2 protein chains.
Amino acid sequence: MNKVGKAEGEGSKAQARREQILAAAHACFLQSGFHGASMAVIAKAANMSVGHIYHYFENKEAIIAAIVEQDVQHVLSNIRSVRSAPRLYEAMIDKVVEGMDDVMDIGKTALMVEVLAEASRNPRVAELTQLSDQTPLKLLCELIAEGREERPALPEEEIRARAEVIAALFEGLQIRALRNPDLPRAAILPLMQDCIRLVLER
Amino acid sequence: MNKVGKAEGEGSKAQARREQILAAAHACFLQSGFHGASMAVIAKAANMSVGHIYHYFENKEAIIAAIVEQDVQHVLSNIRSVRSAPRLYEAMIDKVVEGMDDVMDIGKTALMVEVLAEASRNPRVAELTQLSDQTPLKLLCELIAEGREERPALPEEEIRARAEVIAALFEGLQIRALRNPDLPRAAILPLMQDCIRLVLER
């Protein structure tokens, strides 16, 4: 193996280790909450030494930040995937099916509420939840502006309000899925799509 | 004071004590999470002895249940207040202003996410969040069915889906207010109303 190959191998090994820690931490946070899940508990769940964990993550907040970042990247790639579509709004409305699949993932939502609960007593986590929200929201605003086509352009506040209502629909559905395990999914999909069409085309 | 008067006085005193405990517990849960806020901590914050707290509430879950119940009663009275309106759907759409005020209460939302986070690791709290959701949702379904007037009646699943999307809009906006302290509220209101009108009249 040449030097470059070795470095790449180490890079992907480090990446795999990081993901292993994040998956273990996710499970520990859900089981015990952030306070209950110490670095030692996370290390045990990840089958590593505590020192090894600290090699990858400075502290628990850094682990939370990395988990939130994974989620942000996933949302961003979902939003970006419609960007090249010829009719942007139609592509966004088609994408609702996939967005609904994502928000029905109870494990992900449970962690989201755990992070939001922690944010109310930990200013660093509060800052993280607010900052991590800005990039997807900004991208959504750009798509709303770009997709106007022949429609009149909108003032910035109008665009932000539309992005917020679209985000509220998906984040609200996440909460609904936690509260009600029997969501009538098939009947909800066309309502979600109609609401988003209305918000975009209004 | 006659006997009845005395009993009434004791009843309202007990009620005041219960509310004093609930307010103290609310603050403790936000500050320390459910695990961090022991009955002793709650007693101290309420300026009472621990024994006194147990006189009113069997355990921490009973306190959580009472806080959730307060919130459910508030939501129910909001939904009920439109019931006698001549045009039910119009009254529901007018009510969105008030509903938005409620969901912008960050302290209430922070406690809601704390309860939902606890639900993912405490089956009794999970049961509580699911049960407490059913009464407001059922009432909302009844209003949606009653308000059809000359429109054709809807199958039950269609009604439930509409109620879920309305609930998602409000609960989603709660989460948005936590994530983004600069919500463009005035621009969001007509979008919320239009979405709810669409969901009702579709």
- request: Run down A:V97, A:V82, A:V113 and say which single residue is within 12 Å of chain B (Cβ to nearest Cβ), touching a helix residue (DSSP H, G or I) at 6+ places or on another chain (Cβ under 7 Å) and of a type in the set (V, I, T).
  value: A:V113
message: Being closer than 30 Å to A:E149 by Cβ, at pLDDT below 95 and not β-branched (V, I, T) is true for just one of A:A16, A:A91, A:A27, A:A85. Which residue is that?
response: A:A85
task: Tell me which residues, restricted to the stretch B:183-194, are at the interface with chain A (Cβ under 7 Å from one of its Cβ atoms) and of a type outside the set (A, V, I, L, M, F, W, C).
output: B:P184, B:D194
message: Take A:V97 and tell me if it is closer than 25 Å to B:A110 by Cα and of a type in the set (A, V, I, L, M).
response: no
- request: Hey, can you tell me all the residues within the stretch A:171-182 that are modelled with pLDDT of 95 or more and either at the interface with chain B (Cβ under 7 Å from one of its Cβ atoms) or surrounded by fewer than 17 Cβ atoms within 10 Å (Cβ to Cβ) (or both)?
  value: A:E171, A:G172, A:L173, A:I175, A:R176
- line: Within the stretch A:120-131, restricting to residues that are without any contact (Cβ under 8 Å) to a residue 24 or more places away in the chain and within 7 Å of chain B (Cβ to nearest Cβ), the one that is surrounded by the fewest Cβ atoms within 10 Å (Cβ to Cβ) is A:Q130
message: Any residue at all in the stretch A:149-163 that's away from chain B (no Cβ under 11 Å) and closer than 21 Å to A:L191 by Cα?
response: no
message: Condition (residue is among the polar types (S, T, N, Q), in the same structural domain as B:R197 (by TED's automatic domain parsing) and modelled with pLDDT of 90 or more) applied to the stretch B:104-127: is it met by at least one residue?
response: yes
- line: When the stretch B:132-141 is checked residue by residue, the ones that are more than 10 Å from chain A (Cβ to nearest Cβ), of a type in the set (A, V, I, L, M, F, W, C) and touching a residue at least 24 places away in the same chain (Cβ under 8 Å) are B:L139, B:L140
field: Test for B:A187: is it more than 28 Å from A:Q130 (Cα to Cα) and of a type in the set (A, V, I, L, M)
entry: no
message: Just checking, does the stretch A:86-103 include any residue being buried (at least 16 other Cβ atoms within 10 Å of the Cβ), assigned to a helix (DSSP H, G or I), touching a residue at least 40 places away in the same chain (Cβ under 8 Å) and touching a Ser or Thr at 6+ places or on another chain (Cβ under 9 Å)?
response: yes
- line: Among the residues of the stretch A:167-192, the number that are among the aliphatic types (A, V, I, L, M) and without any contact (Cβ under 8 Å) to a residue 24 or more places away in the chain is 4
- request: Using the structure shown, decide if A:L76 is farther than 18 Å from A:I21 by Cα and either in a helix (DSSP H, G or I) or in contact with a Cys (Cβ under 6 Å, 6 or more places away or on another chain) (or both).
  value: yes
- prompt: Quick one: which of B:R148, B:R197, B:R185 is within 22 Å of the chain's Cα centre (by Cα) and assigned by TED's automatic domain parsing to the domain that holds B:M92?
  reply: B:R185
- request: Mind listing whichever residues of the stretch B:128-148 are of a type in the set (A, V, I, L, M) and closer than 17 Å to B:H74 by Cβ?
  value: B:L128, B:L131, B:L137, B:L139, B:L140, B:L143
- prompt: For the stretch A:29-43, how many residues are more than 9 Å from chain B (Cβ to nearest Cβ), crowded, with 16+ Cβ neighbours inside 10 Å and in a helix (DSSP H, G or I)?
  reply: 5
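The values are calculated or read from the model by the stated rules, or taken from the named source; none is laboratory data. Quantities reported herein were computed from a predicted structural model and do not represent experimental measurements. Neighbour counts run over all protein chains shown; Cβ positions are idealised from the backbone, glycine included.
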